[in-house]
1. Of the listed values [x] 35.3, 131; [y] 32.9, 122; [z] 36.5, 114, grab the one calculated as Rg and Dmax of the Cα atoms in Å from the structure here.
2. Which of Lys368/Lys414; Lys398/Lys449; Lys142/Lys336; Lys480/Lys539 have a Cα-Cα distance over 18 Å?
3. Return the lysines within reach of Lys62: Cα separation strictly under 19 angstrom, same-chain partners fewer than 8 residues apart disregarded; answer none if there are no such residues.
4. Quickly work out the Lys280-to-Glu545 label distance, labels modelled 7 Å from Cα along the C-beta direction, and quote it in nm with one decimal.
5. Using alpha carbon centroids, what distance separates the stretch 240-293 and the stretch 486-554, in Å?
6. Quick one: 3J(HN,Hα) in Hz for the stretch 345-362, Karplus 6.51/-1.76/1.60 with θ = phi - 60°, rounded, Gly and Pro as x.
7. Which of Lys425/Lys515; Lys147/Lys340; Lys401/Lys425 have a Cα-Cα distance over 26 Å?
8. In whole percent, what relative contact order does the stretch 403-512 give with Cα contacts below 8 Å and a gap of six or more residues?
Amino acid sequence: MKKKLFNVLVLGFSIWLFTQLPITNYQLPTLYAGFAEGLKKYTAGNFEGAIPEFESALEQDKENERIKKYLLTCYFIVWEKYQREKNYEKALTYLEKAHELDPESPEVKKLYETVIKEAIRKVVLGTSVETKGEVYVQRKGKEGWEKVEPNSPVYPTDTIKTAKDSGCGIAFDEGTVMKIEANTEVAFETLMTDDKGTLKVFDVKLPKGRILCNVEKLVRPESKFKIRTSVCVTAVRGTEFTVNAEEDKTTEIAVFDGVVTVANLPRTPEEKVTEVVIEKGKQTVVKPGEPPSPPADLSEKQAAYLNEVVPQFEQYVKVTREELELIALRRAEYIKQKQKESEQESKVVLEKIASLRREGETAYQKGKYNLALKRFEEITVYSPEDIEGKTFKDKLTKIVKIVPEETNPDKVSKLLRIGLTAYLKKDGNPKLAINALRYAAQLEPKNEKVTKVRELIETEYSTIAAGEKLVPGMSLAEQKLLVALNSIYDGRYDVAILECNEVLAFEPDNITAYKRLGSAYWSLGKKDEARKVWQEGLKYAPQDEELKSALKAQ
């Protein structure tokens, strides 16, 4: 019923708020660039990104009702988003902002009061007070497991597992204390409370193993503390108890103080749910597909546990509750220290990646493709999400299969290196790569390495490759220089400049290209640029009379 009421409130508020927003042409407040940027993000559906823009605009004009309405809409949409994601602490931030922005609105006020009363709770953190042996935690969204250390935090959605002869003691900020025994896995799916600690919602999953819990009495009737195994749910209202999930899924619940209720989890819609109440000094057993057994006296095993383990645990609970504030401070210091260490590690990793990238780039520019591949493989080990590193690795993997290394000084080898460098570079030049490899193939038609690499790159950049057809009987350099010459005659100097520069990119000692490039600049009236080009050409042909004569021209 409460959920239905809540949904009705949300729907009603949404309808009311959106009817207040303009849906026809509007006039942008010219004074507020923030409003324009916010509106842009709002229209694109980036409501959270629009909030700071609208807030900035509202700071300049606190009475602007239009900005207020857009901002209020964003607050509500983002609040609802985090509610769905169960990020209640962040959700509350936006709902409080909405209430502060328009506290007198009946719709906002009603929603705010309902949510504060029935839904929003403060996220509870736990602290690993002590650990023994091998204890690991898996954080939400991460595949790996990390070692649990004293004072380390326990967050909602964390999963903790212990190995043989291992264990862990956890204290939660609101006073709950838990002992996780050996060979256990426990997932904290929901950990919430209100600011006063009187409303609690704990949802804990126990796939296997044993936990011993001491839960302070739950004051409010809507509070919930549940532990779920694969066969049953144990609900608590403030007690000391243990839950033990065996390998065969059989679950044993024993109560040492207070009362718990235990209900089987039906496997089919037809299967009946049976609930039993277990009081102090009693236990029940739930087997797969069966209802909980009737309450019975503690077994010999559970009685021994009560006499040998529970007294120490109770002393541990007492000391822990007296030091909750100190424990929270230690956890904060632990988190702060780990953040520093993480920042330092990140810095070292980034520096290492940058060094490997430089080495890899130098290697492939020298034709050492095998070595370059090794460096970029190392980068992906350090940072698997490095898209740039992965791109280089994928390209180099294909190249190394054809050309592991090419360091020879001959012209074709140089063209191969020029083409592959243009292909590999971050801001790559596929046109140059295709040109260099086509020219190399023309110079050595039977060179299998050149042919295969050319086919690889032309296939990858088929549109660019198809953009220029080769003229039979002419090399690519001759073809482009003929186009440049005809373009100069036709007054199309820009085309001539482009063609000459393309030749010089793969054949930097082509004297004809320098001559025609300079002529194109000269014809455009760019005489200084023309002289620079001809002077560059003289470095390759110091005795060339045409270049010398051109440089003497006024």
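Any read-out appearing in this document is the output of simple, stated calculations on the displayed coordinates, not a laboratory observation. Remember, it's a predicted structure, so these values are computed and weren't measured experimentally. Heads up, the Cβs are rebuilt from the backbone with ideal geometry, glycines too, and the neighbour counts pull from every protein chain shown.
1. [z]
2. Working: Lys368/Lys414 13 Å; Lys398/Lys449 12 Å; Lys142/Lys336 21 Å; Lys480/Lys539 22 Å.
Lys142/Lys336; Lys480/Lys539, as the Cα separations exceed 18 Å there.
3. Lys97
4. So the label points at Glu545 and Lys280 sit 11.9 nm apart.
5. Going from one Cα centre to the other spans 90 Å.
6. 4, 4, 4, 4, 5, 4, 5, 5, 4, 4, 5, 5, 5, 4, 5, x, 5, 4
7. Numbers: Lys425/Lys515 29 Å; Lys147/Lys340 18 Å; Lys401/Lys425 19 Å.
Long pairs (Cα-Cα over 26 Å): Lys425/Lys515.
8. Once normalised by length, the contact order is 21 percent.
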